[in-house]
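Reading through the structure tokens given below for one structure.
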Amino acid sequence: MVASIIDGKAIAAALRKSIAAEVAAMPVKPGLAVILVGDDPASHVYVNNKVKATEEVGMKSVERRLPETATAEQVAKVIDELNADTSVHGILLQLPLPKHINSDPLIQRIAPEKDVDGLTFINIGKLVAGDAAGMVPCTPQGSLRLIKSVRQDLSGLDAVVIGRSLLFGKPMAQLLLAENCTVTSAHSRTKNLAEVCRRADILVAAVGKTELVKADWVKPGAIVIDVGINRQDNGKLKGDVDYASVSQVASAITPVPGGVGPMTIACLLANTLKAAGARA
Ligand code: NAP
């Protein structure tokens, strides 16, 4: 079997197009604010991409940049201002923050209804409780959209998520559970990981280890979602899945780059639209 490629770039472009159409019909433009603290080069690239994508769908983009030396109190003040600003519907605190600032209380300070990253305890709770009004974190949400682009009804399927981070693995497992999958959360202490993975009709890898998942870990016909982003010495990106061999076994697979990555920003815009009272 040769897997079909799940084209995240095209699926994200279609989602952004439908968001732009929704925004064009809205009397008030949704506003997305990004807070960037410090000089991390990768964060600057991400923020620039987010600003560009926000403007491209016709939303209002607000940027608040603070120096590397900023204090937690200064970041808190900016969050408070944006929480109170009625023209801002979504707030994103770009992580990581400089080492001297603890990000946890600042993330929790964001008004839950503006928490487009879905990281406040209220939104995590809503996800676990199955309350659709909550904000679902962008990368897991995007991964689910990719899975559903190849199969709508996931009911009863065995799903294995490798990785249990709060940012990705845990919310991904909850989303699959809500789709009536039988979900296994695997992690660094999981015994016989290859054997566990071989049970999966849906295998999601979010580990951060280049090509950890090999072809003999994959059930023939499985849907494989590769969330990993691992930069190689030559500058190229590779995923957590050995794409060349696994694509001979799976029925559908996401490439890296061009799979999950493009969905993250598109889902950030979808969450901002939702925060402003519409849906895509
Ligand atoms: P993380 O917080 O470092 O979590 C990694 C997870 O992998 C942990 O749960 C860890 O287990 C588990 N793990 C580590 N080594 C393992 C092994 N040998 N076998 C099985 N499990 C193992 O990372 P993350 O934030 O979830 O991100 C994971 C990957 O996804 C990274 O490559 C990241 O760059 C990428 N990512 C991509 C996007 C995107 O937009 N495409 C977004 C977010 C993340 P323990 O809990 O036991 O330590």
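The values are calculated or read from the model by the stated rules, or taken from the named source; none is laboratory data. The structure presented is a predicted model; accordingly, all values stated were derived computationally and were not measured. Cβ coordinates were reconstructed from backbone atoms using ideal geometry, including for glycine residues, and neighbour counts include every protein chain displayed. Just the protein is used for accessible areas: all its heavy atoms, side chains included, with ligands, DNA and RNA removed. Shrake-Rupley method; radii C 1.70, N 1.55, O 1.52, S 1.80 Å.
A few points about this structure:
- The chain has equivalent-ellipsoid semi-axes of 32, 20, 18 Å, by the square roots of 5 times the alpha carbon gyration tensor eigenvalues, sorted largest first.
- With contributions of -39500 (n - 2.57) from each DSSP H run of at least four residues, the per-residue ellipticity at 222 nm computed over the chain stands at -12000 deg cm²/dmol.
- Principal-axis tilt of helix 8-24 within the chain, Cα atoms, nearest 10 degrees: 30 degrees
- Nearest 10 degrees, 0 to 90: helix 72-84 Cα axis against the chain principal axis: 80 degrees
- DSSP-loop trypsin sites (Lys or Arg not before Pro) across the range 81-164, with at most 16 other Cβ within 10 angstrom: Lys99, Arg151
- Helix 261-275 vs. the chain, principal-axis angle (Cα, 0 to 90°, nearest 10): 50 degrees
- For the range 134-280, the relative contact order is 23 percent, taking Cα pairs closer than 8 Å that sit 6 or more residues apart in sequence and dividing their mean separation by the residue count.
- Measuring nothing but how far apart in sequence close Cα pairs (under 8 Å, 6+ apart) lie, relative to its length, the chain scores a relative contact order of 23 percent.
- Accessible area (Å², per residue) of the chain, counting only protein heavy atoms and a probe of 1.4 Å: 47 Å²
- Sparse-neighbour loop sites [trypsin sites (Lys or Arg not before Pro); the range 1-97; at most 11 other C-beta within 10 Å; DSSP]: none
- The chain, accessible surface, carbon-and-sulfur percent (1.4 angstrom probe): 54 percent
- Globularity ratio of the range 208-280, using Cα Rg and 2.2 N^0.38 Å: 1.34
- Note on the chain: with a GNM built from Cα contacts shorter than 10 Å, the maximum mean-square fluctuation among Ser18, Ser188, Ser103 falls on Ser188.
- Dipole size of the range 124-201 about its Cα centre, with +1 on Lys/Arg Cβ and -1 on Asp/Glu Cβ: approximately 240 debye, rounded to the nearest 20.
- For the range 130-251, alpha-carbon Rg relative to the globular expectation (2.2 N^0.38 Å, N residues): 1.01
- Relative contact order of the range 70-115: 50 percent, from C-alpha pairs under 8 Å at least 6 residues apart in sequence.
- Cysteines without a disulfide-compatible neighbour (Cβ-Cβ under 4.7 Å), the chain: Cys181, Cys197
- Radius 13 Å from Cβ of Met135, net charge of other residues (Lys, Arg +1; Asp, Glu -1): 0
- Placing one equal scatterer on every Cα of the range 1-115 and applying the Debye formula, the log10 ratio I(q)/I(0) at q = 0.16, 0.22 Å⁻¹ is -0.80, -1.22.
- Sorted largest first, extent of the range 197-246 alpha carbons per principal axis (Å): 33, 18, 12
- Cα-centre dipole for the range 89-175 with unit charges at Cβ (Lys and Arg positive, Asp and Glu negative), debye to 20: 160 debye
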